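This report refers to the structure that appears directly beneath it.
The values are calculated or read from the model by the stated rules, or taken from the named source; none is laboratory data. Everything numeric in this text was worked out from a predicted model, so none of it was measured. Here Cβ is always computed from backbone atoms with ideal geometry, including for glycine, and neighbour counts include all displayed protein chains. Note: accessible area is taken over every heavy atom of the protein model, side chains too, but ligands, DNA and RNA are not part of it. Shrake-Rupley method; radii C 1.70, N 1.55, O 1.52, S 1.80 Å.
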There are 2 protein chains.
Amino acid sequence: MRGPSNPRPARIADVAREAGVSITTVSHVLSSKRPVSAQTRQAVLDAAQRLAYRPTVAARGLATGRTMALGLQFPMEGEHLLLNPYFPLLLGSLSAAAVHDGYSFVLLPARRSSEFPLESLLETQRLDGAILVDPSSTNDLLPLLRDYRVPVVTVGRYLGRARTHWVDNDHAIAIGRVLDHLAEQGYRRPALISLGHERYSYIVDIEDSFRTRTEAAGREPMVIRAEDLSERAGYDAAVTLLDRADRPDAIIAAVDRQAIGVLGAAEELGISVPDELGIVGEGDTVLARNANPPLTTIDPRAAELGAQAIAIIRQILDAGNRPGRMITLTVETRLVVRESTARSGAGPEISPAPAASP
Amino acid sequence: MRGPSNPRPARIADVAREAGVSITTVSHVLSSKRPVSAQTRQAVLDAAQRLAYRPTVAARGLATGRTMALGLQFPMEGEHLLLNPYFPLLLGSLSAAAVHDGYSFVLLPARRSSEFPLESLLETQRLDGAILVDPSSTNDLLPLLRDYRVPVVTVGRYLGRARTHWVDNDHAIAIGRVLDHLAEQGYRRPALISLGHERYSYIVDIEDSFRTRTEAAGREPMVIRAEDLSERAGYDAAVTLLDRADRPDAIIAAVDRQAIGVLGAAEELGISVPDELGIVGEGDTVLARNANPPLTTIDPRAAELGAQAIAIIRQILDAGNRPGRMITLTVETRLVVRESTARSGAGPEISPAPAASP
DNA sequence: CTGAAAGCGCTAACAC
DNA sequence: GTGTTAGCGCTTTCAG
């Protein structure tokens with residue numbers, strides 16, 4: 001069935017009447033801000049369910065002084081070459097979680113510009129909080145939000161001066177898993193393609209853990225920094241790597257887009273994948289899935305990242321943000337093994353997806 | 001100077017006091033919903049200005065029954081290969097205009113999925129309206145929004161059954177300008193790279209107008225459909241085109257990303273740009289600007305498109321949407337001439353940017 | 001042309 | 001453990 005069913009949405013008073021209690025009680029059942037007897041509680045919940053009750057966002061906002069709007073910024077503007085097919089996944093999960101909690105978004109630019117009334121927005125206190133995805137350390141917005149005391153949660157850590165709440169992948173574990181997998185498949189000289197500038201925590205993390213792990217294994221780390229996250233940059237980096245005397249037999253790329261470029265380079269140079277060269281990407285995007293051969297990739301678990309980011313915001317807003325006390329959350333990645341590293345001919349395998357660790 | 005200045009934002013009552021009138025009058029001045037004497041009006045405006053007054057979105061929403069939230073959907077999810085660096089520009093302008101009018105966004109997925117509580121959102125939280133950017137004709141969302149009577153404005157026309165309000169570029173004029181320019185520069189056999197599926201009005205428009213114009217000039221239209229909007233697809237299409245006996249001496253690509261691919265193909269085949277081949281892109285993105293040589297491109301005037309889309313929404317909401325009466329707005333593009341078509345060695349030129357035509 | 005006052009739906013003192 | 005009630009800031013009848 002389809003189409004609108006409730007001509008007039010249920011109000012809190014309707015629920016109260018239906019459950020035979022006062023609206024106060026309904027309010028408290030829904031917010032759990034004061035104890036309610038189990039019986040009453042259940043009656044209210046049932047009534048709310050029956051009437052498909054949803055609090056009116058505006059009314060709640062007016063009463064609590066909240067706006068129910070969150071700032072949202074992600075690496076798009078001015079850095080188009082960083083466009084990452086993983087963002088859509090993340091945005092989807094952020095939006096789903098936000099909708100669930102009654103929040104909507106104000107899309108924020110990474111840098112101030114005359115076109116966007118940023119100051120006026122902040123001045124009039126219209127944001128309850130803000131979520132910044134992969135903020136570069138040169139991000140203009142973060143210091144500004146701090147000045148205006150807007151609680152900020154970043155997805156990926158901010159490397160600038162300010163401290164923020166954050167949720168991030170555990171990239172050390174991720175790289176460890178990749179290297180273990182490559183070793184198992186008999187690859188001996190893995191190389192890493194990262195990014196030409198270290199403005200993202202993600203890049204720093206994968207470089208560091210790759211270096212550490214490789215050196216621990218008694219090998220010299222092969223790391224090359226690509227221009228950007230594009231296929232082209234991946235291609236260029238791969239060509240350089242594969243031209244070396246001690247050429248790598250496996251390449252880990254910072255993102256799937258680059259990995260696609262690596263694949264192209266291998267193809268062009270007549271290097272067979274996965275036999276002569278293993279390739280690993282990151283993002284678990286369609287790019288990796290649809291490649292030929294399909295690419296082994298690190299799944300950052302975007303859905304989890306998004307949900308946790310919103311959860312942190314809610315926690316801060318509900319608890320009345322003790323300043324200085326930062327909430328940080330690590331989400332484990334998942335290694336998705338596909339043909340691009342399946343040297344042994346074993347079928348694809350997928351590592352278990354653990355829950356976020358607190 | 002920086003940081004929060006107003007500890008307590010001004011309320012409508014403050015403005016009323018400051019101007020020596022009632023809050024009713026202030027409200028009416030701001031909404032122009034009933035006549036107010038010029039004197040009083042000015043006094044109120046001045047007071048509001050002085051106090052930097054901004055209406056509280058939640059309060060207004062409560063009083064009017066609006067949510068002040070707009071659905072926003074653009075081609076990201078599930079169609080990652082369509083990622084277009086022009087979207088960030090458009091999103092920026094949409095967001096700026098929305099903020100100005102007090103609106104925030106709920107990011108909507110193009111297709112229903114179990115992860116996103118779309119039905120529940122529509123049942124309850126009621127969006128005031130929705131903006132769909134380049135909706136494909138197979139878009140799931142549009143029919144759903146219709147069923148729930150959410151006013152929809154599309155950027156680019158929707159080719160499915162339903163009619164919507166829309167704002168769109170005038171692609172016929174755009175292609176005309178490009179062809180004129182190419183002819184001036186002495187190019188005689190222009191070809192067009194479009195998209196493999198006709199699900200977007202944009203693609204239909206440029207193909208049609210290219211065909212019409214070329215045939216009118218007594219030539220056979222050379223049109224090839226690329227796989228997607230990626231550099232790779234542009235490259236592949238260009239290689240095919242440049243392999244023909246009657247090979248084109250100019251290529252117009254549907255988007256800048258493809259045009260970059262065309263450039264790569266020319267380079268690889270040893271075809272000089274702009275001498276042997278002229279290249280034109282679309283989007284006026286950094287991709288075109290930073291290419292070597294810089295690419296001539298069609299500027300869709302994203303800022304104007306975004307502002308107009310929001311303006312239409314506001315008009316519908318304010319006027320009380322007479323159903324059936326669709327608002328449509330055409331925004332003229334601008335041709336940005338750069339080296340990739342500068343055969344005559346003349347410096348870059350830019351066509352004037354006309355205002356939106358009503 | 002202008003004002004007073006009654007809500008809009010919810011939260012949170014303040015009672016009991 | 002539960003209910004009464006006074007706002008939150010704005011729009012909008014209804015009076016004047």
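Some points to look at:
- Dipole in debye (nearest 20) - the protein assembly as shown, about Cα centre, beta carbon charges: Lys, Arg +1; Asp, Glu -1: 4040
- Tilt relative to chain A, helix A:256-269 - C-alpha long axis, 0 to 90 degrees, to 10: 20
- Heavy-atom accessible area, 1.4 Å probe, ligands and nucleic acids excluded: residues of segment B:37-60 down by at least 40 Å² from chain alone: B:Arg54, B:Ala58
- Projecting the Cα atoms of A:His28, A:Ile12, A:Gln39 onto the charge dipole of segment A:12-64 (Cβ charges, centred on the Cα centre) puts A:His28 farthest toward the positive pole.
- Each part reduced to its alpha carbon centroid, segment B:289-312 and segment A:204-245 end up 36 Å apart.
- Over the protein assembly as shown, the pair-distance histogram of Cα-Cα distances with 10 Å bins from zero comes to 3, 13, 22, 24, 20, 12, 5, 1, 0 percent, rounded to whole numbers.
- When only Cα pairs below 8 angstrom with a gap of at least 6 residues are kept, chain B shows a relative contact order of 15 percent.
- Among B:Ala63, B:Ala266, B:Ala172, residue whose mean-square fluctuation peaks in a GNM of chain B (springs only between Cα atoms under 10 Å): B:Ala63
- Divide the volume of the convex hull around the Cα atoms of chain A by the residue count and you get 183 Å³ per residue.
- Solvent-accessible area lost in complex, 20 Å² minimum, residues of segment A:88-105 relative to chain alone, 1.4 Å: A:Pro88, A:Leu91, A:Gly92, A:Ser95, A:Ala96, A:Val99, A:Ser104, A:Phe105
- Residue with peak Gaussian network fluctuation, chain A [Cα springs, cutoff 10 Å], from A:Val336, A:Val152, A:Val286: A:Val286
- Heavy atoms of B:Met326: accessible area, 1.4 Å probe, square angstrom to 10: 50
- Between the Cα long axis of helix B:302-319 and the first principal axis of chain B there is an angle of about 40°, rounded to the nearest 10.
- Surface accessible to a 1.4 Å probe, B:Glu123 within the full protein complex, Å²: 60
- Efficiency of FRET between A:Thr328 and B:Ala63 - r from beta-carbon atoms, R0 30 angstrom, step 0.05: 0.15
- Area of A:Asp246 that stays accessible when all protein chains are in place (1.4 Å probe, Å², to 10): 70
- Förster radius 35 Å - calculated FRET efficiency between A:Arg8 and B:Asn290 (Cβ-Cβ, nearest 0.05): 0.05
- Only alpha carbons enter this Debye calculation for segment B:130-219, each as an equal point scatterer, and the log10 of I(q)/I(0) it gives at q = 0.25 Å⁻¹ is -1.19.
- For the chain pair A and B, the buried solvent-accessible surface (1.4 Å probe, both sides summed) amounts to about 4500 Å².
- Inter-copy label distances at A:Thr328, using a point 7 Å along Cα-to-Cβ, come to 5.6 nm with the shortest given first.
- In percent, rounded to a whole number, the relative contact order of segment A:12-64 is 36, using alpha-carbon pairs under 8 Å and six or more apart.
- Cut-off 12 Å, label 7 Å out along Cα→Cβ of A:Glu115, residues of segment B:92-135 by amide N: B:92-97
- Rounded to the nearest 20 debye, the dipole size of chain B about its Cα centre is 2040 debye, using +1 on the Cβ of Lys and Arg and -1 on the Cβ of Asp and Glu.
- Per residue, the accessible area of chain B comes to 43 Å² when a 1.4 Å probe rolls over the protein heavy atoms.
- Chain B, helix-only ellipticity at 222 nm - DSSP H runs n ≥ 4, -39,500 (n - 2.57), divided by all residues, nearest 500: -12000 deg cm²/dmol
- Under 5 Å, built H, 5+ apart or other chain: amide partners of A:Val331: A:Asp168, A:Asn169, A:Asp170
- Among B:Ala13, B:Ala302, B:Ala110, the largest mean-square fluctuation in a Gaussian network model of chain B (Cα springs under 10 Å) belongs to B:Ala13.
- Nearest-ten-degree value, helix B:231-242 long axis tilted from longest Cα axis of chain B: 30
- Global geometry of segment A:177-274, whether rounded, prolate or oblate, following the gyration tensor of its Cα atoms and the 1.5 cut on a/c: oblate
- Diffusion constant of segment B:12-64 at 37 °C, which comes from Stokes-Einstein with the Kirkwood Cα-pair radius and 0.692 mPa s, µm²/s: 297
- For peptide A:229-239, the mean count of partner chain Cβ atoms within 10 Å of a residue's Cβ comes to 1.
- Across segment B:128-208, the mean sequence separation of Cα contacts (distance under 8 Å, 6 or more residues apart), normalised by length, yields a relative contact order of 30 percent.
- FRET efficiency, B:Arg50 to B:Ser22 (Cβ-Cβ, R0 25 Å, nearest 0.05): 0.90
- Percent accessible area from carbon and sulfur atoms, segment A:1-139, protein chains only, probe 1.4 Å: 52
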